[in-house]
Amino acid sequence: MTSKEDETIEDMVAAGAFGTDSRVVSFKVEGLHTEPDQFATCVVYGVATVDDRDGRRRDHRLVMKYKQPTAELRQLCNNDRQFYNEILFYERIAPFLLDRGSRRDGAGTPPKLCRYLYGRNGCGEDGHRDVVVLGNATADGEYRAAATGHKLSLDFDHLVVALRTLAKFHGLSYRAKREDSIKFKEIIDEVKDTSWSENGEWIFQSSVLKGLFALALNWLKERHVESGGSDYDKNVVKWIRQFESEMMDEPIEKLKHISAPTEPLAVLCHGDFNRNNILFRYDDSGRPVDALPYDMATIRYGSPAIDLSFILYLNADRQTRNDHWDALLDVYCATLAEEAGDVSVPNRNQIDAEMLECGFSGLVHVSFFARVMLEENLMPDSSSFVDADESKFLEILSSNGGNLATEWVADALHHFVRFKYARTPILPPIKSTHKLKYHE
């Protein structure tokens, strides 16, 4: 066991994370998480064998998430604010929401959350020792990563389960606001923004975002210009021009505007709700029946469309969006209404309006995140970004994922511009072939 992990276990015992007067017999590292989706942190899996105060021995399977090893990388990844948010969420926000936001009449089922054991965020120059420790929810096999082969795409059944979980999570905010609006505002105000600096700058410059969008927009233009010039293709090109005029002149300012919460529909958003941060539980037939969100480091208060647009543009492929967009949003809205009871929550028309106004947020994040996740080779170490200027930053990002990533982002753009600018459907809508089935 390394000194960093030794220190973590010792501090956990002192903090009573394993119970009063517990004694750690041993700790064994089970593996290091080296997947590219762990770009911002260093993750260690391990098992702590602990004797409790009555002498009973128990194994605790843990996930230890540490900050990046150097100060430059920690600053690049905004580790300090992310760890602050995650500890705040598990120690204060989640207990508050689950207490005041749960149904008093016993109806409804709040979303499951990871078991939180310990957090430390005050090591200063030794920030690589700061840690968030959770119970390993995959240890007993009940929950696991999505059982689909694609790096990004989730099928209809997985998306239904994920959106039901998201609706339950958002629903806690609506109930908590009704139960104790003053305390809710106080605690939400403590969340730190992880996307914007104190100077109002986003995680990277406008030129980088414009460059990433340009790759997808050019791909989309070529697809529809070269396809024969039908009325539909001409309309797509017209919508793209509207998008460029309205959204790409000052995309960072547009993003800042839609990121600001507006009442009464604002909720505590997960902020990074996608398949990389969701575990699924399956029934005996292998069908997903429940989901467990994790990695709460980028929570933020804003439109529910921030979470909805991200997962639906990142984790639904073109065919799934075309076939089941309405059905998926209906699942979200129906679950929200089921969980809310007599609390006012947005209906489908209001969610559609939020997606029109704020769905650009998900599209922005997909423009670079899809490239990272679809890169066939190992992602470059995050250290390659530390000294990169704007042009180098764009070069690194646009080289990831190749044509597959460009097409994935272009498909998301295609849906967005059609959804935003086609006031009258150009093609008859495709009906869903799925009957919605709700699983508890």
| query | Roughly how many nanometres apart are two label points built 7 Å out from the Cα toward the Cβ at Thr262 and Lys234? | reply | 3.4
| query | Which helices, taking whole DSSP H runs in the chain, have alpha carbons extending 30 angstrom or more along the helix axis plus mean Kyte-Doolittle at least -0.5? | reply | 156-179
| Phi-based couplings in Hz for segment 293-300 (Karplus 6.51, -1.76, 1.60; Gly and Pro marked x) | x, 9, 6, 8, 6, 10, 4, 7
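Which value in Å does the Kirkwood hydrodynamic radius of segment 135-291 take, with 1/r averaged over all unlike C-alpha pairs and then inverted?
Values: mean 1/r = 0.0508 Å⁻¹.
Mean inverse Cα-Cα distance, inverted, gives 19.7 Å.
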| task | Would you calculate, for the chain, the mean residue ellipticity at 222 nm contributed by helices, counting each DSSP H stretch of 4 or more residues as -39,500 (n - 2.57) and dividing by all residues, to the nearest 500? | result | -14500 deg cm²/dmol
| request: Treating cross-link reach as a plain straight distance, find the lysines whose alpha-carbon is under 19 Å from the alpha-carbon of Lys238, omitting any fewer than eight places away in the same chain. | output: Lys210, Lys221, Lys420
| Taking Rh as the Kirkwood radius, which is the inverse of the mean 1/r over Cα pairs, what is the Rg/Rh value for segment 161-214? | 1.18
| request: List the residues whose amide H sits under 5 Å from the amide H of Glu142, counting only those 5 or more places along or on another chain, with H placed 1.01 Å from N in the peptide plane. | output: none
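Could you calculate the FRET efficiency of Lys221 with Ser3 from 1/(1 + (r/R0)^6), where r is the beta carbon distance between them and R0 is 56 Å, rounded to 0.05? Can you show the working numbers first?
Values: r = 56 Å, r/R0 = 0.99.
That gives a FRET efficiency of 0.50.
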| request: State the percentage of accessible surface on the chain attributable to carbon and sulfur atoms; use a 1.4 Å probe and exclude ligands, DNA and RNA. | output: 48
| said: Run the simple label-point estimate for Lys192 and Thr109 please: 7 Å along Cα→C-beta, distance reported in nm. | reply: 3.6
| query | Relative to the present Cα-Cα distance, how much length would full extension add between Leu404 and Thr20 at 0.36 nm per residue of separation? | reply | 132.9 nm
| request: Report, largest value first, the span of the C-alpha coordinates of the chain along each principal axis, in whole Å. | output: 76, 55, 46
| note | Looking only at lysines whose Cα falls under 30 Å of Lys177's and that sit 8 or more positions away or on another chain, we get Lys112, Lys168, Lys185, Lys192, Lys254, Lys256, Lys437
| query | Solvent-accessible area per residue for segment 142-192 at a 1.4 Å probe radius, Å²? | reply | 39
| Using modelled backbone amide H atoms (1.01 Å from N, in-plane), which distant-in-sequence or interchain residues come within less than 5 Å of Asp290's amide H? | Arg281
| note | With Cα springs under 10 Å, the Gaussian network model of the chain assigns the largest mean-square fluctuation among Val131, Val191, Val44 to Val44
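The values are calculated or read from the model by the stated rules, or taken from the named source; none is laboratory data. Predicted model, so just to flag it, every value in this text is computed and none were measured. Heads up, the Cβs are rebuilt from the backbone with ideal geometry, glycines too, and the neighbour counts pull from every protein chain shown. Note: areas computed on protein heavy atoms with side chains; ligands, DNA, RNA excluded. Shrake-Rupley method; radii C 1.70, N 1.55, O 1.52, S 1.80 Å.
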